[in-house]
Each structure stands twice: as C-alpha cells, then as structure tokens.
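Enquirer: What follows is a structure written as structure tokens; I'll ask about it next.
The values are calculated or read from the model by the stated rules, or taken from the named source; none is laboratory data. What you are looking at is a predicted structure, and each value in this text was computed from that prediction instead of being measured. Counting neighbours? That spans all protein chains shown, and the Cβs are built from the backbone with ideal geometry, glycine included. In case anyone asks, the SASA skips ligands and DNA or RNA and just uses the protein heavy atoms, side chains included. Shrake-Rupley method; radii C 1.70, N 1.55, O 1.52, S 1.80 Å.
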Amino acid sequence: MSASPNRSNPIRSRSFLAGIILFSALFQAIENWPLIVQFLELQASASIPEYLRVTLNLIVKNNGQLLVGAKVFIWIVGAFLANRIISRFFWDGLVAKSLGRPVPSVLKDLGMVFVYIIASVCIAAVVFNQSIAGFLATLGAGSVVLGFALRGLLSDVFTGLAVNFDNNFAIGDWLIVPSSTGTGGTVGQVDEISWRCTRLTCEDGTTIVVPNSIMGEEKVINISRPSVWTRYQVEITIDYSVPVERARHILMASLQSATAKEGFSKNHAPKVLVGKTGKRGVEYLLRYWIHPWHPLSPSTSRDLVLSAALQHLQTAGINPAYTKEEVYYEPLPAKHFQGHTVADKVALLSRISLYERLEEVELQRVAEEMERLQLSPGETLFRRNEEGSSLFILIEGLLNVQIDLKGDGTEQTVGQLSPGDFFGEMSLLTGEPRSATIQAQTNVVVYEIYRPTIIRLIEERPEISESMSRAVAKRQMALEQARSQMADSDAAAKVQSITRQLMGKMKNFFQSREAQ
Ligand code: CMP
C-alpha cells in the first residue's frame, strides 16, 4: 500500500525544481539550435586549445543526431514532470481526498506507465516522424502477445487494483482465506497488499502469500469488519436423557463464568442455543463474542469456554454424550406413551419441569388422581371469569390464552401454551375467577389435576408453590403489559414483588380454606 505523500520532502521538491530548470534549458537549446551550432562552428575554427576544438568540431558534425537526442530527452523530462504533477495534484490531492485514504501505489504506477506510453507515442510521431497508427498497431499486437503470455500475472494485477479500490480489507485486518483443498480456511492478518499478491501472517507465525486473483474471486471472510467484535461458538453434545432446560442452565452458568474473564465482550450477552439433535444426543451451541487476538485468540477463547463447560457438567454429574448403542433384552421399553394408564401418566409427568424433582411414589399418586382431557381445534377448555380450582398440564398441541383487551367483548390472544406448560394456577392459588379464556389451537391433550392433590403436593414440596407463584407473577405481568404496553425492565422488577406477594396471599388462602 502506498504511504501518504510527504509534501515537505526536500529531496523530492529539489528534483522537481531541477526537472523544470532542465526542461526550460533544453527547450531553449532546441529553439535556438541553429544559432548555437553557428556559434560552435566559429569557436571550432578559432584559436583555442586543440582538445576543445576537436570536441566542438564533433558537436558541429553530429549536430543532427544531437538535436534528435535532445528532443527525445526533452520529451522524457516532460513526461517525468507531467507524472510528478499528476501524482501530486491528481492522485495525492483530488483522488486521495475523495477516497478519504491514501491512493494505492499500484494505481499511481499504472498512471505513470500510461504517461510514459503517451510520451513514447509523441516521440515516435514528432521526433522520428513515424505514423502514430503504425506505432499503435505495433503496440497493440505486442500487448496481445504479452497479455497472453502473462495472463495469470495480469489477472493478479488487475484484481489487486480492484481489491485496493473495493477497500474490503486493509493492512492489519484478520481474514479467513479459503484453503486450496477446499476444506476449512487459513486465518491470517494482512501484512501487505502488493501488485500481485496479499501477504498474511498466520497465528502460528508463518506467512502465506495469496495471489490477488484468489482474493478477488473466492469468498474471503474479514473477521475485523464491520466491527472488531466477532462471535464464536463452541458445540457440545449432551445425552437426550438430560432435560434441555437443565443442560441449558448448567451450560449458561459455565459460559457466564468463562466470559467474565478478560478478552470476552461484556456488551454482547453470551447465549446457549440448541443447535441440532443427532445420533448421540442434543447439540448445544455456546455463543460468545471476542475481539480476536486482542488479547484472546479464537482457540484460547474456545479452550476457556470448553474447559468451563466440561467442568460445570462434570460437577453436575453429566457427561458429554459419547457414541453408544443401547441393547435391550426384554421387556422392550415403550416407544411412546398413550397417556391412558397410570404408568404412562407417571412417565409423562416426570418429563414436566414442574414435577421433575418428585419421587416415583409421589408422581404415582398425582397420576392416579388426575384426568386426561382431549380438545379439538377451536374448542374452549374454560372461559374468563368462570370459577375454577384445578390445575392443567398441557401434554400435546397448542393452546391460546385469550382476554378481552379492548373491553368490547371480543377476545385477543395474549399468550400461547406449549407442551410441558401448566396453567389454571392463578385461580387455584388465589381463589379468584379464571383470568383468561383457554382455547385449543390444534388437537390438544391436557391433564387436569384437582385442588386436593395440589394442596397435598404443596405441603409436601413447598418448592412447587414457589415455581407456580413465579409463573403466576410472570403471567399477570404479561397480561398487564398486554393491556398497558409496560417496559420490560419495569415488568421484571414487578414480577419479583408480585411473586413475594403471591406466596403470602397463597399461604393465607390455603390456611383459610383448610380452616373452613
Ligand atoms: P387462571 O387465571 O386460573 O386461568 C387462566 C389461565 O391462563 C391462568 O390461570 C394462567 O394459568 C394462564 N395465563 C394467563 N395469562 C397467561 C399468559 N400471559 N401466558 C400464558 N398463560 C397465561
């Protein structure tokens, strides 16, 4: 890349001045050439020292060739001056200003070649009286032959020009350049962009030289643009037997501990996503942001994130999934549960996060006491303001939560319930009428659990009441937000306080019902 022009460089300014003086002197000499020759002839015949006389005689004799030489020379000096003027006022002035950065030297060099070609054409035409057409034809034929012989090189040169102009990457940027084998890519920092190639310094201290044609034609990834922060991800596969939410919590905690370290972005929140499901289990993606190599390299950041994940999983008693084959002798486990028998109901309940901590016997009792209901699309399970005191768990399908937002009797959907969600807890816990209408969007299967079962469970497992209170608080907030468009941050604070209030309210409610 070109350096920015140094306008006060004394050597350059002096050579520029010398060029102008030489040009004017030669111009004058050519203008007055006959007079000069006449004068020299006189001097040669005068009584001067022998060596000077011989020299002058030689000049007078060869005056024709000397004149031609001087004319050629003046064109060359003229081209040099024109080139300096173009470089200073056009490239470094006008073009650099409009580009907002120094003009690549490749471009200036090309401009220089063009000026000298024009000078050569003029010399041929003016000094040697040759026809320009003939000269151009020779030049054209020569260029075709040369272009054919150097097509690879020329392609590199012109792509180099385009690369310079596109400004898609600059010196100092980190790039991923496709590898010649087509798999993966080479990561390196741009060191130099020349006529023919781009030089990158790799992480392992080696240098790779990539022809510009590849930089122009292949998909090159610039890690440093548009922002210096780049997102990376680590994949980790965990067995299907580990509930997704549990795996996500553990991985999130490990990711937060790793990204709290220096070098990770504090402005981009790390994320844990389910990437895909495969033969071995569920693949989780741990996403985080770093400013590559300042100070963390992608491989070091990967090491930190993976080590933390493995450590957290190990402590929680979870091993990353490994390739395995499960061989069952009789009896073959059920491939799916119909949900009619108590055993099926227990199996399904154990997958619901609300009940995941319950013992087998506790689940069994709940399963025996609950009822299985089926709804068709559009069917209403219960309406807003109806009395109700049971809890429902959605097993299959989707349910819409609807309320009368505008107060005109028409109900709008404000929430959706998915398999695994429980609902109906608001009335159950507070004794108030149903806060919303629940309508099936698809074919639906729900379990209805009656109040006495829930009261017994809450007494035995107080943590269940807390999960339910939190859900009530969140849902009440969602309803309020839907009505008043409240900001998310205000809502979060309010959820906390409502949860606390609800726990107290619930205790009183249950105590008073028991006393009756
Ligand atoms: P309940 O008031 O007993 O009856 C309607 C149920 O809809 C309510 O309990 C909640 O379980 C549920 N519900 C209310 N609001 C929402 C919401 N925004 N998202 C999901 N479920 C909700």
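Enquirer: Amide H to amide H, which residues 5 or more places from residue 420 or on other chains are under 5 Å from it, using H placed in the peptide plane?
Expert: It is 394, 395, by chain and number.
Enquirer: How long is the gain from residue 497 to residue 405 if the chain were fully straight, where each residue apart is worth 0.36 nm and the alpha carbon distance is subtracted?
Expert: Length difference between fully extended and current span is 30.7 nm.
Enquirer: Over the chain, consider all pairs of different Cα atoms and compute the Kirkwood hydrodynamic radius from their mean reciprocal separation; express it in Å, one decimal.
Expert: 32.3 Å
Enquirer: Scan around residue 170 for amide H atoms under 5 Å from its own, H built in the peptide plane at 1.01 Å from N, and keep only partners 5 or more places away or cross-chain.
Expert: Close amide H contacts, sequence-distant or interchain: none at all.
Enquirer: Starting from 0.36 nm per residue, how many nanometres of slack lie between residue 121 and residue 257 once their C-alpha separation is accounted for?
Expert: Taking 0.36 nm per residue and subtracting the Cα distance, the gain is 41.8 nm.
Enquirer: Add -39500 (n - 2.57) for each DSSP H run of 4 or more in the chain, then divide by its residues: what number comes out at 222 nm, to the nearest 500 deg cm²/dmol?
Expert: The helix-only estimate for the chain comes to -16000 deg cm²/dmol at 222 nm.
Enquirer: For the chain, what % of the accessible area comes from carbon and sulfur atoms, probe 1.4 Å?
Expert: Carbon with sulfur: 57 percent of the solvent-accessible area.
Enquirer: If Lys and Arg each add +1 and Asp and Glu each add -1, what is the summed charge of the other residues whose beta carbon sits under 11 Å from the beta carbon of residue 281?
Expert: Residues near residue 281 contribute +2 overall.
Enquirer: Using a Förster distance of 25 Å, how high is the FRET efficiency between residue 148 and residue 113, based on the Cβ-Cβ distance and rounded to 0.05?
Expert: Step by step, r from the Cβ atoms, then E = 0.85.
Enquirer: Next up: Between residue 432 and residue 338, what length comes free when the chain is fully extended (0.36 nm per residue of separation minus the Cα-Cα distance, one decimal in nm)?
Expert: That pair, residue 432 and residue 338, stretches by 30.5 nm at full extension.
Enquirer: Let me have the relative contact order for the chain, percent, based on Cα pairs under 8 Å that are six or more residues apart.
Expert: About 7 percent, as a whole number.
Enquirer: In whole Å, what is the distance between the alpha-carbon centres of the stretch 64-93 and the stretch 197-246?
Expert: 49 Å
Enquirer: Solvent-accessible area of residue 156, probe 1.4 Å, all protein chains present, reported in Å² to the nearest ten, please.
Expert: My reading of the accessible area for residue 156 is about 10 Å².
Enquirer: Further question: Which value, in Å², gives the accessible area per residue of the stretch 22-168 when a 1.4 Å probe is used on the protein heavy atoms?
Expert: Ligands and nucleic acids excluded, the result is 62 Å² per residue.
Enquirer: Can you work out the accessible area per residue across the stretch 258-401, with the rest of the protein chains kept in place, probe 1.4 Å, in square angstrom?
Expert: Per residue, the stretch 258-401 has 60 Å² of solvent-accessible surface.
Enquirer: Report, in degrees rounded to the nearest 10, the 0 to 90 angle that the Cα long axis of helix 33-45 makes with the longest principal axis of the chain.
Expert: 40 degrees
Enquirer: Another question, if that's okay. Compare 468, 503 by solvent-accessible area with a 1.4 Å probe and give them largest first, with all protein chains kept in place.
Expert: Solvent-accessible surface, decreasing: 503, 468.
Enquirer: Quick one: angle between helix 151-166 and the longest Cα principal axis of the chain, in degrees between 0 and 90, rounded to 10, please.
Expert: 60 degrees
Enquirer: Residues in the stretch 420-449, backbone N under 19 Å from the label point at residue 374 (7 Å along the Cα-to-beta-carbon vector): list them, ranges by number please.
Expert: Label zone hits: 420, 439-449.
Enquirer: Only Cα pairs under 8 Å and at least 6 apart count here; give the relative contact order of the stretch 346-500 as a rounded whole percent.
Expert: Across the stretch 346-500, relative contact order equals 27 percent.
Enquirer: From the protein chains alone at 1.4 Å, what is the descending order of accessible area for 84, 383, largest first?
Expert: 383, 84
Enquirer: Kindly report, to the nearest 10 Å², the accessible surface of residue 118 as traced by a 1.4 Å probe over protein heavy atoms only.
Expert: 80 Å²
Enquirer: Right, next: With +1 assigned to the C-beta of every Lys and Arg and -1 to the C-beta of every Asp and Glu, and no other charges, what is the dipole magnitude of the stretch 355-425 about the Cα centre in debye, to the nearest 20?
Expert: The calculated dipole for the stretch 355-425 is roughly 280 debye.
Enquirer: Could I ask something else about it? List, largest first, the extents of the alpha carbons of the stretch 199-315 along their principal axes, each in whole Å.
Expert: Principal-axis extents of the stretch 199-315 (Cα, largest first): 51, 33, 25 Å.
Enquirer: Please get the size of the charge dipole for the chain, origin at its Cα centre, with Cβ charges of +1 on Lys and Arg and -1 on Asp and Glu, quoted in debye to the nearest 20.
Expert: The calculation lands at about 2080 debye.
Enquirer: Which one, 445, 431, 464, projects farthest toward the positive side of the charge dipole computed for the stretch 424-481 from Cβ point charges (K/R +1, D/E -1)?
Expert: Checking the options against the dipole of the stretch 424-481, the answer is 445.
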